[in-house]
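The values are calculated or read from the model by the stated rules, or taken from the named source; none is laboratory data. In this text the structure is predicted, and so the values were computed from the model without any measurement. Note that each Cβ is placed from the backbone with ideal geometry, even for glycine, and that neighbours are counted across all protein chains shown.
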Amino acid sequence: MTQKGFIWRLLPLEAWWRFKYRFGGKEKRLALGTYPRVSLKQARKLRNDARALLLQGIDPSAVKKAKLSAVSDQAANSFETVGREWFAKNAPGWNESHSSRVLRLFERDIFPWLGKRPIAEIKPPELLSVLRRIEDRGALEIAHRALRNCGQVFRYAMATGIAPVDPTGALKGALPPVSEGHFAAVTAPPRLAVLLRIMDGYEGTLPVKCALRLAPLLFVRPGELRQAEWKDIDFDSAEWRYRSSKTQTGHIVPLSRQALSILRDLQPLTGSSRFVFPSARGNGRPMSDNALLAAMRSMGIDKTELTIGMPDALHQ
């Protein structure tokens, strides 16, 4: 069926509007959309626009392809696409907890608002408004972390030629500083002795009990303790050798006879798994970062008196 320059092809559920024309001595057809999504009035306007291009010596089909290509390039260079590419290239060098925390931050706090935007078009005020959302819910430390992570994505985009600038540089000082609070700690020997006896008497699972007993003997970061692997424990030389997940540098931790005794007690239970302190949900991953904190709170040790790892507020 034809009507004033249209070819109207009937399909089972819809009909296509097509404009037939000649360009460069060849007959061509331009798809204008389907009826009823594109009405007759809209189709006529699209046809007239195409005719106007022909009068200028421009092929309307080429213009349409260029627009579709621009849309495709915009999707390929969106903040989310570039951000996930940056994550995929860096995550293999991170420990599991860090990589999941970074991805969760982007998926929860950044991608819903900036994900579809072309990364080259994002300006400092637009990024700041997203960071303010995080700050407004009381997670200022996470807002600063989001700014740092976004800066890494923008710099990756600059290095790959996708974005011209890193807008995070203009946001220096835009967020309030995070207050540098000291970790809670006990300095009075008599009270410390009481707390150590309380932790020694923990009646929960053996891995958590052993981790609580080892923490004051080894003085390592809680994350390093949780992710300790049996292959790194050398009972003969009384050493624990591991590579720091933060600095990727090697560390040697001497093991006292008390520490060795604790590890030997635990080995029959978890020695067949990769981690010294495996997760309660499965041996394939280490104990969660809240396991030791939860154990201390269950024994009545308040966070204002003693903590292991980051303060509770930073786990938001």
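Checking each residue in the range 218-244 for being at pLDDT below 90 and over 19 Å from P278 (Cβ atoms) picks out F219, R243, S244. Restrict the check to the range 65-75 and report whether at least one residue is at pLDDT 85 or above, under 30 Å from M158 (Cβ atoms) and assigned to a helix (DSSP H, G or I). No: zero hits.
Taken together, the residues in the range 248-306 that are touching a Lys or Arg at 6+ places or on another chain (Cβ under 9 Å), modelled with pLDDT of 80 or more and within 16 Å of P216 (Cβ to Cβ) amount to 9.
Considering the conditions (1) modelled with pLDDT under 85; (2) small (G, A, S); (3) under 30 Å from F154 (Cα atoms), A62 is excluded by exactly one of them, (3).
The single condition from (1) more than 14 Å from the chain's Cα centre (by Cα); (2) surrounded by 18 or more Cβ atoms within 10 Å (Cβ to Cβ) that V153 fails is (1).
Within the range 76-89, the set of residues being out of contact with any Lys or Arg (no Cβ under 6 Å at 6 or more places or on another chain) and either surrounded by 15 or more Cβ atoms within 10 Å (Cβ to Cβ) or charged (D, E, K, R) (or both) comprises N77, E80, T81, V82, G83, R84, E85, W86, F87, K89. Looking at the range 78-116, which of its residues are modelled with pLDDT of 85 or more and in contact with a strand residue (DSSP E or B) (Cβ under 9 Å, 6 or more places away or on another chain)? Once the filter is applied, which keeps residues that are modelled with pLDDT of 85 or more and in contact with a strand residue (DSSP E or B) (Cβ under 9 Å, 6 or more places away or on another chain), the range 78-116 yields S78, F79, L114, G115, K116. Within the range 241-264, restricting attention to residues that are hydrophobic (A, V, I, L, M, F, W, C) and either exposed (fewer than 12 other Cβ atoms within 10 Å of the Cβ) or over 23 Å from N290 (Cα atoms) (or both), which residue is farthest from the chain's Cα centre (by Cα)? Across the range 241-264, the extreme among qualifying residues is L260. Scanning the range 265-279 for residues that are more than 18 Å from A215 (Cβ to Cβ) and within 26 Å of the chain's Cα centre (by Cα) turns up just one, R274. Total residues in the range 115-131 satisfying the condition of being crowded, with 17+ Cβ neighbours inside 10 Å, in contact with a Leu (Cβ under 7 Å, 6 or more places away or on another chain) and part of a helix (DSSP H, G or I): the figure is 4.
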